[in-house]
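The structure under discussion appears below in the form of structure tokens.
The values are calculated or read from the model by the stated rules, or taken from the named source; none is laboratory data. Everything numeric here is computed off the predicted structure, so don't read it as measured data. We place every Cβ from the backbone using ideal geometry, glycine too, and count neighbours over all the protein chains shown.
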Amino acid sequence: MSTNYNKFNSRISDEKIFLKMMKKINYFIKKNNIINVIIQKHPSEDKKKYETIHRFLDQDFNFNVKISEKDLIPTLVNSKFAIGVNSMGLVVAKLLGCKTINYLIRNSLNAIPKEYIDISIV
């Protein structure tokens, strides 16, 4: 799930955050035999934002990547895992039975209540 940091003119772009996160969780993806990764963009984001990331992931990682056209809940209903960056979507994912992973940006605080997070990665 996207962070939408770009909207707030952050020094760190969503694209950079996403690629760092994928490198960190690549082991988790392999260990759990995950072959499909769905990017759930923030409702205010343009889908084009993730097309470059999509091409990069297809080349450098061993899983299929798709950018979801659906709303959050229909995407999560068919998912086992949800990975996000302090996203309220993780709360929704946990309530729908997904295992949740919160990727924390260095020097940032965890904004999601612990009972909704299974794993935190820095």
*In segment 1-15, is there at least one residue being touching a Gly at 6+ places or on another chain (Cβ under 7 Å), at pLDDT below 85 and surrounded by 17 or more Cβ atoms within 10 Å (Cβ to Cβ)?*
yes
*Given the conditions (1) of a type outside the set (Ser, Thr, Tyr); (2) under 19 Å from Leu19 (Cα atoms); (3) crowded, with 20+ Cβ neighbours inside 10 Å, and given that Leu76 satisfies all but one, which numbered condition is not satisfied?*
(2)
*Only one of Lys114, Lys94 is of a type in the set (D, E, K, R) and under 20 Å from Pro43 (Cα atoms); which?*
Lys94
*asked:* Can you find a residue that is farther than 19 Å from Ser13 by Cβ, loosely packed, with under 12 Cβ neighbours inside 10 Å, at pLDDT 90 or above and touching a strand residue (DSSP E or B) at 6+ places or on another chain (Cβ under 7 Å) anywhere in segment 98-119?
replied: no
*Under 6 Å by Cβ, and 6 or more places apart or on different chains, what pairs join a residue from segment 42-57 that is closer than 25 Å to Val92 by Cβ with one that is in a helix (DSSP H, G or I) and modelled with pLDDT of 75 or more?*
Ile53/Glu15; Ile53/Phe18
_Wholly enclosed strands (runs of 3 or more DSSP E) of segment 56-122 bearing at least 2 residues of a type in the set (Val, Ile, Thr) and under 14 Å from the mean Cα position of the chain (by Cα)_ = 64-67, 99-103, 119-121
*Could you tell me whether Val92 is exposed (fewer than 15 other Cβ atoms within 10 Å of the Cβ) and in contact with a Leu (Cβ under 8 Å, 6 or more places away or on another chain)?*
no
